[in-house]
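Asks: Quick one: the structure is below, and I'll ask about it shortly.
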Amino acid sequence: MADKRKFYIDGAWVDPAEARDLEVIDPTTEEPFAVISVGGQADTDRAVAAAKAAQPGWAATPPAERLAFAERLLEIYKRRNDDVAEAMTCEMGAPTDMSKGDQAESGSFHIETFINSFRDFEFIRPLGDHAPTSMVAWEPVGVVALITPWNWPMNQVTLKVIPAILAGNSVVLKPSEIAPISSMVFAEMIHEAGLPKGVFNLVNGDGAGVGTQLSTHPDVDMVSFTGSTRAGIAITKAAADTLKKVALELGGKGANVVFADADDKAVMRGTRHVFYNSGQSCNAPTRMLVERSFYEQAIETAKRVAEETTVGSAHEPGRHIGPVVSKQQWEKIQGLIQTGIDEGARLVAGGPGLPEGVNRGYFVRPTVFADVTPDMTIFRQEIFGPVLSITPFDSEEEAVELANDTIYGLTNYVQTQDGARRNRLARQLKAGMIETNGVGRGRGSAFGGVKASGRAREGGVWGLEEFMDSKQISGWDKNA
């Protein structure tokens, strides 16, 4: 693998201009397993300059050639899937089997989906039969800064890099400094696939440094960011002076509305979803709202799932959950669990402290609270750990009110055998995505939310269009 202290700029691995070392910590062992360099302004400027120089030529490249690059990359990615998985196991604590099967394979899934969407993409489209010489052209934005998180590294990198490049943009990627190694493996794949120099660049750094430098850089035309709502607001403000296009995919506090007629696996399914990836998913259904006649039964099921969920080393095979990503994250989660207790929620399973038999690593006990009310912190704040809050409701109207009583609006869930009720709630719940009865989103669906969850739309055709500007053309000569 390339020297972890180098950056990938203009088609080559280069030494940073302003080197500052940063240890990358394995959250299972609490020990450093790699050292990276954190970039400075000179490194950011160099990467942006390379992207700016490469972008016009890449934009002029026929779409078929861009597609061929993505197809080559997909073959390489599948071959190196286990290398990507190993990096993520070490950097963010995804257990070995989950890392290979879900974390890493999400990358090849998205590359393949974008390939399929791009094949039929119309870059010039008629406005309509009423205006025969009016056309809509879709063109690249220009130089795009991509700032990605640590919780689903390759999922987010491929959701941004692939559509941005296919659309004809050049990019500068700043992965999370907490989990940067998988992105360096990805840069090696980009290089092997033969992307022209300068179209893809990678600079490691933190949000306050490289992240802010990219957000304010006059030669960056767009910033696409996934992360916390707090950081998304800061990026939006930083980008305002240069009037960049900004796409934000932010946090969530998903409601899972469970009616008494839900299928017999609904509560188990929802609880497992909360614990999956150690609770570090923005679309996790962390607020379970349960019809009162079914409430105590649901609590018992959630308690059983929590007690059956094992916690262990990310380096071991199995269906257990691993650690959370960092000491800072662990301490935040512990504080919120204690706040739930202090504010009067009923602790059903789990609680503060390390799991039994564990003396190191950032492991969190799978935790369930009942009798959670809207005035409680754990009802309102995104915890980003394996913590479920359960709240009763008495009517459909109350369920909708409780579900929408949040600043967030990413994913909400509905569990009921009443099809008309599922449809009603799907329209009434304020979120970018609604999933019902355990049916996931179809391939090519857009991922994104509303309100404090941002308004990005990542994936499929919407993901391609997000990295383009539409141009209106009148007087088009169809015979030319």
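The values are calculated or read from the model by the stated rules, or taken from the named source; none is laboratory data. Bear in mind the structure is a predicted one, so any value in this text is a computation, not a measurement. Cβ: placed from backbone, ideal geometry, glycine included. Neighbour counts: every protein chain shown. Accessible surface is based on the protein model in full, side chains and every heavy atom, while ligands, DNA and RNA are left aside. Shrake-Rupley method; radii C 1.70, N 1.55, O 1.52, S 1.80 Å.
Asks: Taking the alpha carbon gyration tensor of the stretch 254-393, what are the square roots of 5 times its eigenvalues, largest first, to the nearest whole Å?
Replies: They are 24, 17, 12 Å, listed largest first.
Asks: Then there's this: Which order do the peptides 77-83, 36-42 come out in when sorted by mean C-beta neighbours inside 10 angstrom, highest first? Spell out each step's value before the answer.
Replies: Working: 77-83: 16.6, 36-42: 19.7.
Per-residue Cβ counts within 10 Å, averaged per peptide and sorted highest first, yield 36-42, 77-83.
Asks: Given R₀ = 45 Å, what would the calculated FRET efficiency be for residue 31 paired with residue 380, taking r from the Cβ atoms and rounding to 0.05?
Replies: Details: r = 35 Å, r/R0 = 0.78.
With a Förster radius of 45 Å, E is 0.80.
Asks: Let me ask another. Leaving out same-chain residues fewer than 8 places away, which lysines sit with a Cα under 21 Å from that of residue 100?
Replies: Output for residue 100: 78, 160.
Asks: Follow-up question, since we're still on this one. Taking the Cα centre of the chain as the origin, how large is its charge dipole in debye, to the nearest 20, when only Lys and Arg (+1) and Asp and Glu (-1) carry charge on their Cβ atoms? Display every interim value, and only then the final one.
Replies: Values: 48 positive and 63 negative charges, 137 e Å.
Around 660 debye, computed over the chain.
Asks: Given charges of +1 on the Cβ of Lys and Arg and -1 on the Cβ of Asp and Glu, with all other atoms neutral, how large is the dipole of the stretch 1-111 about its Cα centre, in debye to the nearest 20?
Replies: Working: 12 positive and 21 negative charges, 119 e Å.
With only Lys, Arg, Asp and Glu charged at Cβ, the dipole is about 580 debye.
Asks: Of 6/451; 244/327; 174/332; 4/332; 52/471, which pairs sit farther than 31 Å apart, going by alpha carbon to alpha carbon? Mind dumping the intermediate values first?
Replies: Working: 6/451 38 Å; 244/327 34 Å; 174/332 24 Å; 4/332 29 Å; 52/471 21 Å.
Beyond 31 Å between Cα atoms: 6/451; 244/327.
Asks: Taking the stretch 272-322, which trypsin sites (Lys or Arg not before Pro) meet the DSSP loop condition and have no more than 14 other C-beta atoms within 10 Å?
Replies: Working: sites: 272, 287, 292, 303, 304, 319; in loops: 319.
Those satisfying the criteria are 319.
Asks: What length, rounded to one decimal in nm, is gained on full extension from residue 268 through to residue 134, with 0.36 nm per residue of separation minus their alpha-carbon distance? Walk me through the numbers before you get to the answer.
Replies: On the way: separation 134, 0.36 × 134 = 48.24 nm, distance 5.31 nm.
Stretched out fully, the residue 268 to residue 134 stretch lengthens by 42.9 nm.
Asks: So how much accessible area does residue 462 have, in Å² to the nearest 10, using a 1.4 Å probe?
Replies: Accessible surface of residue 462 is approximately 140 Å².
Asks: At 0.36 nm per residue, minus the direct Cα-Cα distance, what do residue 293 and residue 316 gain on full extension? Give it in nm, one decimal, please. Mind dumping the intermediate values first?
Replies: Numbers: separation 23, 0.36 × 23 = 8.28 nm, distance 4.10 nm.
So the extension gain works out to 4.2 nm.
Asks: Please give every one of the lysines within straight-line cross-link reach of residue 265, meaning a C-alpha to C-alpha distance under 24 Å, and leave out same-chain neighbours fewer than 8 residues apart.
Replies: Within the straight-line cut-off, residue 265 pairs with 253, 303.
Asks: Consider just the alpha-carbon atoms of the chain and return their Rg together with their Dmax, both in angstrom.
Replies: Rg then Dmax for the chain, in Å: 22.9, 75.
Asks: For residue 437 and residue 60, FRET efficiency with R0 = 45 Å and r from the beta-carbon atoms, rounded to 0.05? Present the calculation step by step, with values, prior to reporting the outcome.
Replies: Details: r = 48 Å, r/R0 = 1.06.
It comes to 0.40.
Asks: Out of residues 5 or more away from residue 290 or on other chains, whose amide H comes under 5 Å of its own, with H placed 1.01 Å from N in the peptide plane?
Replies: For residue 290, the qualifying residues are 258, 391, 393.
Asks: Here is a further query. Express as a percent, rounded to the nearest 5, the fraction of DSSP beta bridges in the stretch 364-480 (both residues included) that run antiparallel. It would help to have the intermediate numbers written out before the result.
Replies: Details: 1 of 8 bridges.
In the stretch 364-480, DSSP labels about 10 percent of beta bridges as antiparallel.
Asks: Here is a follow-up. Take 58, 150 and sort them by solvent-accessible surface of the protein heavy atoms, 1.4 Å probe, largest at the top. Show your work: numbers first, answer last.
Replies: On the way: 58 15, 150 40 Å².
Greatest to least solvent exposure: 150, 58.
Asks: Can you give me the distance in nm between label points at residue 1 and residue 358, each placed 7 Å from the Cα along the Cα-to-Cβ direction?
Replies: Roughly 2.3 nm, to one decimal.
Asks: Another one. With loop defined by DSSP as not H, G, I, E or B, and exposure as at most 16 other Cβ atoms within 10 Å, which is the longest segment of the chain clear of exposed GluC sites (Glu not before Pro)?
Replies: 123-342
Asks: What FRET efficiency do you get for residue 261 and residue 119 if R0 is 41 Å and r is their Cβ-Cβ distance, rounded to the nearest 0.05? Don't jump to the answer; show the numbers that get you there.
Replies: On the way: r = 42 Å, r/R0 = 1.04.
Efficiency, from the Cβ-Cβ distance: 0.45.
Asks: To check you understand DSSP bridge types, tell me what percent of the beta bridges within the chain (both residues inside) are antiparallel, rounded to 5. Walk me through the numbers before you get to the answer.
Replies: Working: 23 of 60 bridges.
In the chain, approximately 40 percent of DSSP beta bridges are antiparallel ones.
Asks: Further, regarding this structure: With just the Cα atoms defining each centre, how far is the stretch 95-109 from the stretch 162-235? Give it in Å.
Replies: With the stretch 95-109 and the stretch 162-235 each reduced to a Cα centre, they are spaced 21 Å.
Asks: Moving on. Going 7 Å from the Cα of residue 19 in the Cα-to-Cβ direction, what parts of the stretch 161-182 have a backbone nitrogen less than 19 Å from that spot?
Replies: 181
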